[in-house]
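The block underneath contains the structure these notes are about, expressed in structure tokens.
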Amino acid sequence: MNQTNRLLSEIYKTASVGRDTISAVINAADDAEMIHELSMKRAEYRDIKTVAAKNLARNGIRPPHHSAEGISAMAKTSMKMHLMKRDDPSALAKMVIQGNTMAMIGLIRDANRYSKADEAVIDQARNFAKSEQKFINKMKQFL
């Protein structure tokens, strides 16, 4: 697989995991404003995932469903363990910030790692990372 498709696969996986874990956080949240912000982010993840899947399909590649599902399951399990201790908005925001920080780092790392990918796909990964940072800043109000 070439670097463009590898980077698209990483974008797809990151959006898949983000969507799945944000859905779990929404189910645990009670704060209406937080639920709204999380729902908006979930829609963004859905859109990013859709675009990445279409680009992969155009290149003859099937999206990497299995690995994203495994990561999502681990993230959900970790979240449930943390929520057993405390499920207030601050605890949820902290988990979301940590997850988004890991995603942001991964996207930047992958954009650098796959430097020979199509420039538009590298830009997509970098813009996704910037979006993660903006969302982290939004979540800080709930700490």
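The values are calculated or read from the model by the stated rules, or taken from the named source; none is laboratory data. On a predicted model such as this, the values are computed, not experimentally measured, just so you know. Neighbour counts run over all protein chains shown; Cβ positions are idealised from the backbone, glycine included.
Would you confirm, using the coordinates I've provided, whether SER131 is hydroxyl-bearing (Ser, Thr, Tyr), under 29 Å from ALA28 (Cβ atoms) and at pLDDT below 95?
no
Quick check on region 36-64: of everything there that is over 22 Å from ILE26 (Cβ atoms), without any contact (Cβ under 8 Å) to a residue 24 or more places away in the chain and of a type outside the set (D, E, K, R), which residue is surrounded by the most Cβ atoms within 10 Å (Cβ to Cβ)?
Among those residues, the one meeting the criterion is ALA57.
Of all residues in region 75-118, which are assigned to a loop (DSSP other than H, G, I, E, B) and modelled with pLDDT under 95?
The answer is ARG86, ASP87, ASP88.
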